[in-house]
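As structure tokens, the structure follows; a few thoughts come after it.
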Amino acid sequence: MHPIETNRLILRNFTATDAAGLLEYTANPRVNCFMDHQMTTLEQAVVEVEKRSNDDSHIAVCLKDSNELIGELFGMKEEKDSDTYSIGWNFNGRYEGKGYASESAGAFIDHLFTEQGIRRLYAYVEDDNFRSQKLCEKLGMRREGLFLEFISFVKNDDGTPKYENTYQYALLKKEWLTQHETRK
């Protein structure tokens, strides 16, 4: 992926220098959907950034002035030749409340619609992840529905799956372009 620059951030492929930053926000996932990505050692993070370095489905979000990794965006086409894309994000809690998530996700969405030819994108958000719901809405995405007991990433105390209710948010290219025309 060619790097994308915003006012304060650079979106790029992962590099070896990102291992410590990746470990910092994956060591204690704040939402259950990232439990499978939890890492506990720097060695695990080194292996993971190596895998991600040539993978455009995971994009490092870094501060422009220091190149410090503060989070990631991720996504993939629904099918190989599809024009529908699933997106998501995971950020280091130390950088919350500064607008970095919306700045980077907005640039990523714009790139997908204008450079990659995507027609529709969507995101799944747990019903108790209010920050991500707010981010989706700030990005102009609309809530399309609620899937009850949609998926399980963790277990209850008795060992049974703990199913989570999950919202789906979506955005069409024509909606994105209209929203950005009215902001000019």
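Please go through segment 104-129 and give me each residue that is open to solvent by 20 Å² or more (accessible area, probe 1.4 Å) and charged (D, E, K, R), ordered by number.
ASP110, GLU115, ARG119, ARG120, ASP127, ASP128
Please enumerate the residues belonging to segment 129-166 that are modelled with pLDDT of 90 or more and closer than 17 Å to ASN90 by Cα.
Residues satisfying the conditions are ASN129, PHE130, ARG131, SER132, GLN133, LYS134, LEU135, CYS136, GLU137, LYS138, LEU139, THR166.
Every residue in segment 132-184 that is within 20 Å of GLU72 (Cα to Cα) and loosely packed, with under 15 Cβ neighbours inside 10 Å, please.
LYS134, GLU137, LYS138
Cβ-Cβ distance below 9 Å, separation of 6 or more or different chains: which pairs start in segment 95-115 with a residue that is without any contact (Cβ under 8 Å) to a residue 12 or more places away in the chain and end on one that is assigned to a helix (DSSP H, G or I) and open to solvent by less than 20 Å² (accessible area, probe 1.4 Å)?
As it stands, the answer is THR114/TRP176, since those pairs meet every condition given.
What are the pairs, 6+ residues apart or on separate chains, where a residue within segment 148-177 that is small (Gly, Ala, Ser) has its Cβ under 6 Å from a residue that is open to solvent by 40 Å² or more (accessible area, probe 1.4 Å)?
Sorted first by the residue in segment 148-177, then by its partner, the pairs are SER152/PRO161; SER152/LYS162; SER152/TYR163; ALA170/GLU144.
Within segment 73-91, work out how many residues are in contact (Cβ under 8 Å) with a residue 24 or more places away in the chain and over 22 Å from THR166 (Cα atoms).
Number satisfying all stated conditions: 1.
The values are calculated or read from the model by the stated rules, or taken from the named source; none is laboratory data. The structure displayed is predicted, hence computed values, not measured ones. Quick reminder, even Gly has a Cβ in these numbers, built from the backbone with ideal geometry, and neighbours come from all protein chains shown. Surface accessibility is based on the protein's heavy atoms, side chains included, excluding ligands, DNA and RNA. Shrake-Rupley method; radii C 1.70, N 1.55, O 1.52, S 1.80 Å.
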